[in-house]
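Written out below as structure tokens is the structure these notes cover.
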Amino acid sequence: MVGLKEELLKSIWHAFTALDLDRSGKVLSHNLCTVLNVPHDPVALEEHFRDDDEGPVSNQGYMPYLNKFILEKVQGNFDKVEFNRMCWTLCAKKNLSKSPLLISDEDAFKVWVIFNFLSEDKYPLIIVPEEIEYLLKKITEAMGAGWQQEQFDHYKIALNTSREGLSAWELIDLIGSGQFSKGMDRQTVSMAINEVFNELILDVLKQGYMLKKGHKRKNWMERWFVLKPNVISYYVSEDLKDKKGDIILDGNCCVEALPDKDGKKCLFLIKCLDKTFEISASDKKKKQEWIQAIQTTVNLLRAGSPPPHKEARQKRKELRQKLLAEQEELERQMKELQAANENKQKELETVRKQLEAAAARAAEEEKKRLQTQVELQDRFSLELEREKMVRQQMEEQVAQKSSELEQYLQRVRELEEMYKQLQEALEDEKQARQDEETVRKLQARLLEEETAKRAELEKWHLQQQQTIQMTEAEKQELENQRMMKEQALQVAMQQLKQLELERKEALEQYEEVKKKLETAANNTKSWKDKVAHHEGLIRLIEPGSKNPHFITNWGPAAFTEAELEERQRSWKGKKATSE
């Protein structure tokens, strides 16, 4: 009853604050007694509203009468919508904005009732930004649109800078302006507000058309079902004018899915203590949604929990109260810290004064110390000058030695570079001598082959001369042999020409090697002169003496004198034999 009294007080507060300061309080009291089904007490009413300083607009106020003679007698057997509509009628004309809105007066009334449900329990009534966001999200989801979190964050920042929340009339202006429902027509917005109103105010957890099987005739009729926290009501249509019955829910009820039968599909069963109801949904999805919604409602009844939206509202309020308490605790701690900080500041001020006195004493001592330091500085200045002169002389000597050392190192680097170049020249000369030796061996081999071929040719020539002296009978045979030998001779002549070409190539290679050798010898001689110029630090390695080369009629050859004489005797003997 405490929660019901708070909900009633919010609507009555709007109606009472809209009244003029006269005897209109009697009209409000009479109407409240009528819509709340509270018995009238004319004597108490007249006594409370007598024409003196104890009336409803006096310091005593209207609340004592309201609590004692009306609210304490409320039993809950009244129409909440009619009660809210009566209070709305008294306050809407005075407070509702005159500017055109995108919602109707009926939608504005529903938003006003929702405001009373979500507002804080303090006066004047306001709705905080968290509850505004919750309501706008519910309306946006009911319209099937996407929630614009960034847009609301900007609005929330602007709102927090100016006030704590919105009044009922400011909330109506916000929703009626279409700021968070752009692109939606009036009918869509109206249907969304009605859906949220049914859920939050009328405790409608789910509603829709389904088929219900009768208990007497066993026929199937389409009904509009409305699920609330403790009852399922069913009507002829969704206008809720012709109510056909209720299914009372409690913790003993259960819901079960049934297989298809008698041509009906998507069946489920609601079991209560006294009756059982068979219902057919339009499709499997609706069937599952209804079973889940009814089962959730029964579970809440078993646990004694309020409806989900009321429980969620209570949790949000508790969370805000917790945050507020934490903020107050933080402010208290900040005040304690500030007081402690002030005490510390006072202590620091005392310490600062003590430090200033100590600094004055230290300054006096520093003055004496500086005077002593000046005397010592004058005393040591002469010694410092002498030390500077000695240091300057030593630096000059070091600079001179450094210059000499740099010159010596430069000379050593030049000699090392010359040594490396000389080594490279000697390597070139060595390679040239190796090439010369290779060419000389090749030339000797070619010459030996040439000598063998010439001896063979001379032998064939002698055999030919002998063949000519043979008889005519053997002439034909010898002629054939001669032709064969001439062919062989031609082949041998070709080979001889090839050997001659190879000998010429070897001679050219020899000339190139000879030129390289001469170049290497000149380089060696040049480096020898350079080394001798640098005080003879490196001794050159010179090649040994070379014998003069002998020249034959086929070109230069590396024959010794004894080899040449032996070959001459051999050629002369062969020549004499052939003759």
- For the cross-link pairs LYS73/LYS93; LYS420/LYS504; LYS228/LYS271; LYS138/LYS322; LYS138/LYS315; LYS441/LYS485, which exceed 27 Å when the distance is taken from alpha carbon to alpha carbon? LYS73/LYS93; LYS420/LYS504; LYS441/LYS485
- Task: With label points built 7 Å along Cα→Cβ from the Cα atoms of ILE468 and LYS575, find their separation and express it in nm.
- Result: 2.0
- Query: Which is farthest toward the positive dipole end of the range 213-342 among PRO307, ILE279, LEU323, measuring Cα position about the Cα centre, with Cβ charges +1 (Lys, Arg) and -1 (Asp, Glu)?
  - Reply: ILE279
- Message: For THR297, what accessible surface area do you get with a 1.4 Å probe? Give it in Å², rounded to 10.
- Response: 10
- Query: Mean separation of Cα pairs under 8 Å and 6+ residues apart, divided by the residue count of the range 206-306: what relative contact order is that in percent?
  - Reply: 23
- Give me the accessible area of SER97, 1.4 Å probe, in Å² rounded to the nearest 10. 40
- Item | Cβ-derived FRET efficiency at R0 45 Å, GLN295 paired with SER97, nearest 0.05 | 0.55
- Of TYR419, TYR155, which has the most accessible area and how do the rest follow, probe 1.4 Å? TYR419, TYR155
- Accessible area per residue in Å² at 1.4 Å probe, computed on the chain: 67
- Query: Sorting ARG413, ARG482 by accessible area (1.4 Å probe), largest first, what list results?
  - Reply: ARG413, ARG482
- How big is the accessible area of MET418 in square angstrom, nearest 10, if you roll a 1.4 angstrom probe over the protein chains? 30
- Starting from the Cα of LYS264, draw a straight line to each of the aspartates and glutamates and keep only those under 17 Å, dropping any in the same chain fewer than 8 residues away. GLU222, GLU256, GLU278, ASP283
- Rounded to a whole %, the carbon-and-sulfur portion of the accessible area of the chain at a 1.4 Å probe is 52
- Item | Coarse-grained scattering of the range 224-321 at q = 0.11 Å⁻¹, given as base-10 log I(q)/I(0) from a Debye sum over alpha-carbon atoms | -0.39
- Task: Using Cα pairs closer than 8 Å and at least 6 residues apart in sequence, work out the relative contact order for the chain, in percent.
- Result: 7
- Item | Distance violations [Cα-Cα > 31 Å] among LYS243/LYS287; LYS156/LYS286; LYS122/LYS156; LYS243/LYS310 | LYS156/LYS286
- Query: For ASP105 and GLU238, what is the calculated FRET efficiency with R₀ set at 22 Å and r taken between the beta-carbons, to the nearest 0.05?
  - Reply: 0.55
- What shape does the range 352-429 have by the C-alpha gyration tensor, where a ≥ b ≥ c are the square roots of the eigenvalues, rounded means a/c under 1.5, and otherwise prolate means a/b greater than b/c and oblate the rest? oblate
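From the protein chains alone at 1.4 Å, what is the descending order of accessible area for VAL439, VAL390, largest first? Can you show the working numbers first?
Details: VAL439 10, VAL390 80 Å².
Heavy-atom accessible area, descending, gives VAL390, VAL439.
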- Take the Cα atoms of the chain, find their three principal axes, and give me the spread along each one in whole Å, biggest first. 182, 118, 48
- Note on the structure: If the chain between GLN75 and SER402 were fully extended at 0.36 nm per residue, the gain over the current Cα-Cα distance would be 106.2 nm
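The values are calculated or read from the model by the stated rules, or taken from the named source; none is laboratory data. Worth saying up front: this structure is predicted, and the values here are computed from it rather than measured. With ideal geometry, Cβ positions are generated from the backbone for all residues, glycine too; neighbour counts draw on all protein chains shown. These area figures cover heavy atoms from the full protein model, side chains too; ligands, DNA and RNA do not enter into them. Shrake-Rupley method; radii C 1.70, N 1.55, O 1.52, S 1.80 Å.
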